[in-house]
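**Student:** The following block contains the structure, expressed as structure tokens.
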Amino acid sequence: MRVEPFVCYRPSPVHAGEFASLPYDVFDREEAAAYVAGHPTSFLAIDRPETSFPPDHDMYAPEVYAKAAELLRDRVADGTLLRDTTPCYYLYRLVQGDHAQVGVVAACALDDYAGGVIKRHELTHPEKELDRVRHIEATGCQTGPIYLAYQDDQTLEALVSAAMGASPLYDFTNEQNVRETVWRIARPAAVEAFRLMFSYVPCAYIADGHHRAASAARVCQEMRAKAGNQATGANPYDYLLCVLFPESQLTIMPYHRMVADTNGLSEDELVIALEGEGFHVSTRQDDPIMPERAGSFGMHAFGAWRELRFSAPEPSGGDMTASDPVKSLDVSVLQDHALAPVLGIEDPRSDPRVSFVGGLVSADDAAEQAGTDGVAFTLFPTSMREVMTVADAGLLMPPKSTWFEPKLSSGLFIRRIGDPATSLC
């Protein structure tokens, strides 16, 4: 892989904790506006610039993106953002409870993304891509890092451990009670060591940030077309802001499903239909069920919990289910054998009867969100190995398959790729 150091705009140490924010896409419009109202100096005001306008203003209007560029320039002018003048790598450690993970912040080649060296597992939507394209074009910057995983490497682990012996740039605890620590790697010998070792890493996997990656790729294509014969493949827009973590350090949380109704089925009819689809359905119980292994599901309906255990039919003839890494996922099993045939949810991306909740959510919370007339299903989390297997096969995960915790903050690392309407400096 081509993993390069980069020139970074970053908050001054005194401002880092208040400036960093959760990624733009974890907020809906109302939530973003409320957060910025309470945190007017946070990066979310730049990431979601529609928060500077009335709630009925077109959030995709040109003046909205121009506002993002204006606010970014303001944060440079007032000293909130500083510029490291030499290309550096950075280490980014997140500690949540007993879990810790350390990633390398770098610029990864977009040709590796286009060529499948940086592997995808999620479908992107053109309108969501266009939003980030316009944000990049207006600001001239990549402002949200892509969350990448790579197979564990002992040499890289040793380099990371050695670099963490220095004094950190930042060390603060955010509002989600995640401790965030950042180190800069600027010494030429250390920079070259990281560059060399990443050149031996065969591939990386997008854990989170598919739309940001696709948007950066679109901007790259547009800028290469404008450059014509001057396009070298080594311009700033040819690279992508990323944080690379070893796969063993990543934590995936479950993503639960809630259906608003029982599709007209009585309790007995629901149980019989699920058993006909290959599930063993337990008796009713009051205690909430959070599955402890793959192939097991919790179901709350009609005021009680039941455990569902799926037994896949023996493959026959041309049945390829057993060798299909997508079909074998728990999220696929639930969709193919419960949500679609029993509850009538044919397209979970568009059906308003189904909703999703992921992360640190209790089974009771999922049941409450389903309502007294609905059905809640709790799932065991997808594994990182399953994600990598699907990506290696060139396939896509079903929607809402993975929820990575902790989330990467935005605003700690800003990478300039081109000239906005007005220079940042």
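What follows is calculated from the coordinates using simple rules that are stated; it is not laboratory data. Model, not experiment: these values are computed from the prediction. Neighbour counts are summed over all protein chains in view; Cβ atoms, including those assigned to glycine, are modelled from backbone coordinates with ideal geometry.
**Student:** Long-range amide H contacts for ILE118: which residues qualify at under 5 Å (H placed 1.01 Å from N, peptide plane, sequence gap of 5 or more or a different chain)?
**Tutor:** TYR113, ALA204
**Student:** Using the number of other C-beta atoms within 10 angstrom as an exposure proxy, rank ASP47, ASP28 with the fewest first.
**Tutor:** Placing the least packed residue first, the sequence is ASP28, ASP47.
**Student:** Let me ask you something else. On alpha-carbon atoms, Rg over Rh for the stretch 215-275 using Kirkwood Rh?
**Tutor:** On the Cα set of the stretch 215-275, Rg over Rh gives 1.44.
**Student:** Taking H as built 1.01 Å from N, whose amide H comes closer than 5 Å to the amide H of VAL7, not counting residues under 5 places away?
**Tutor:** Close amide H contacts, sequence-distant or interchain: CYS88.
**Student:** Mind giving me the FRET efficiency for THR251 and HIS57? R0 is 41 Å, r the Cβ-Cβ distance, nearest 0.05 is fine.
**Tutor:** 0.60
**Student:** Additional query: Over 24 Å between Cα atoms, which of LYS327/LYS407; LYS67/LYS119; LYS119/LYS407; LYS67/LYS400; LYS226/LYS407; LYS119/LYS226 qualify?
**Tutor:** LYS327/LYS407; LYS67/LYS119; LYS67/LYS400; LYS226/LYS407; LYS119/LYS226, as the Cα separations exceed 24 Å there.
**Student:** Which of the chymotrypsin sites (Phe, Trp or Tyr not before Pro) found in the stretch 195-287 are loop residues per DSSP with 12 or fewer other Cβ atoms within 10 Å of their Cβ?
**Tutor:** TYR200
**Student:** When the Karplus curve 6.51 cos²θ - 1.76 cosθ + 1.60 is applied with θ = phi - 60°, which whole-Hz ³J(HN,Hα) does each residue of the stretch 276-286 get, with x for Gly and Pro?
**Tutor:** Per-residue couplings from phi come out as x, 9, x, 9, 8, 10, 6, 6, 5, 8, 8 Hz.
**Student:** By how many nm would the segment from SER266 to THR173 lengthen if fully extended, with 0.36 nm per residue of separation less the alpha-carbon distance?
**Tutor:** That pair, SER266 and THR173, stretches by 28.6 nm at full extension.
**Student:** Sticking with this structure for a sec: Suppose each label sits 7 Å from its Cα in the direction of the beta carbon; what would the THR232-MET290 distance come out to in nanometres?
**Tutor:** 5.3 nm
**Student:** Roughly speaking, what is the stretch gain from ARG309 to THR283, that is 0.36 nm per residue apart minus the C-alpha to C-alpha distance, in nm to one decimal?
**Tutor:** 8.1 nm
**Student:** Here's something else I'd like to know. Quick one: plug the Kirkwood hydrodynamic radius of the chain (C-alpha pairs) into Stokes-Einstein at 4 °C, 1.567 mPa s, and report D in µm²/s.
**Tutor:** D = 56 µm²/s.
**Student:** Would you mind ranking ILE185, ILE252 by Cβ crowding within 10 Å, fewest neighbours first?
**Tutor:** Ranking ILE185, ILE252 by Cβ neighbours within 10 Å, fewest first, gives ILE252, ILE185.
**Student:** Return, ordered by residue number, the residues of the stretch 11-51 whose backbone nitrogen is under 14 Å from a label point located 7 Å along Cα→Cβ of GLU127.
**Tutor:** 29
**Student:** Any idea how far the Cα center of the stretch 364-406 sits from the one of the stretch 32-58, in Å?
**Tutor:** If you average the Cα positions of each part, the centres end up 29 Å apart.
**Student:** Under a 10 Å cutoff between Cα atoms, tell me which one of HIS39, HIS210, HIS300 has the largest fluctuation in the Gaussian network model of the chain.
**Tutor:** Among HIS39, HIS210, HIS300, the largest mean-square fluctuation in the Gaussian network model of the chain belongs to HIS39.
**Student:** Name the residue, out of ALA20, ALA273, ALA234, whose mean-square fluctuation peaks in a Gaussian network model built on the chain with Cα pairs under 10 Å.
**Tutor:** Most flexible of the set in this elastic network: ALA234.
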